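Please read the structure below before turning to the comments.
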Amino acid sequence: MGTRRNELTRQAARLFAEKGYHGTSIGDLAQAMGVQKGSLYAHIDAKADLLWEVARDGAAAFHAGLDGVEEAPTAAGRIRLALRAHLRVVSEQLDVATVFIREWRYLDGERREAFVSERRRYEERFRALFREARELGELRADLDDGTATLLALSAANWAYTWITPDTDTDALADRFLELLLDGMRGYSTPR
């Protein structure tokens, strides 16, 4: 039963990414699984359960990417590795990342609150990288860490709309960071 449920979650991620959560019907999910609509209810109580699972899987994937960021000699180097990890998740788990970035808005109640909390925690982890780089003098002293984080993540998140499987995500992250940091280094003072 676990394997069938995993397949259902994978198909839900694909359909939610392609058609949107509201554009995907139980019938679409059943067709993708090759079963009757009623058979799906052996695995879920409602379509919202699948949205929750996919969104939660996305949060876990992005956090795992940050967990895997190796130490770098500089704080800016850690930002580079974090952007690489983020874009790698978008590229390698495009359906899940798309739901994480776009479709989470349709979560309700406690699930929505839990998801928003995870997104904020993820953003705070990025914000800490920018704060560290600023405090070490690697970025301009007047940098707004929150705005820098939102700018970096917004640029990286939007990649779900155009990234292809053959995209070199490390090179892409490096180009993103160079563009971002060239504007942020302006007032830094060497330590």
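The values are calculated or read from the model by the stated rules, or taken from the named source; none is laboratory data. This one's a predicted model, so the numbers in the text were calculated from it and none came from an experiment. Glycine gets a Cβ as well: all are built from the backbone with ideal geometry, and neighbour counts include every protein chain shown. SASA here: full protein model, heavy atoms, side chains in, ligands and nucleic acids out. Shrake-Rupley method; radii C 1.70, N 1.55, O 1.52, S 1.80 Å.
So the values come out like this:
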| item | result |
| --- | --- |
| Electrostatic dipole magnitude of the chain [Cβ: Lys, Arg +1; Asp, Glu -1; Cα centre; debye, to 20] | 300 |
| Cα long-axis angle, helix 169-184 against the chain (0 to 90 degrees, to the nearest 10) | 40 |
| Backbone HN-Hα couplings from phi across the range 84-90 [Karplus 6.51/-1.76/1.60, Hz, Gly and Pro as x] | 4, 4, 4, 5, 5, 4, 4 |
| Simple spin-label estimate for Ala60 and Glu178 in nanometres, 7 Å along Cα-Cβ | 3.7 |
| Overall dimensions of the chain as given by Cα atoms, namely Rg and Dmax in Å | 18.9, 66 |
| In Hz, Karplus ³J(HN,Hα) per residue of the range 56-70 (6.51, -1.76, 1.60; θ = phi - 60°; x = Gly, Pro) | 5, 4, x, 4, 5, 5, 5, 5, 4, x, 5, 4, x, 5, 6 |
| Loop-exposed chymotrypsin sites (Phe, Trp or Tyr not before Pro) per DSSP, neighbour cap 16 Cβ within 10 angstrom, longest uninterrupted part of the chain | 42-161 |
| Rg and Dmax of the range 98-143, Cα atoms only, in Å | 14.9, 42 |
| Three-way shape call for the range 30-131 based on the alpha-carbon gyration tensor, with the a/c threshold at 1.5 | prolate |
| The chain, relative contact order [Cα under 8 Å, separation at least 6], % | 23 |
| GNM flexibility winner over the chain from Asp144, Asp45, Asp170 (Cα, springs under 10 Å) | Asp45 |
| Accessible heavy-atom area order of Arg4, Arg10, Arg131, highest first, probe of 1.4 Å | Arg10, Arg4, Arg131 |
| Helical mean residue ellipticity (222 nm; -39500 (n - 2.57) per DSSP H run of 4+; nearest 500) of the chain | -22500 deg cm²/dmol |
| Equivalent ellipsoid, the range 83-122 (semi-axes from 5 times Cα gyration tensor eigenvalues, Å) | 21, 12, 5 |
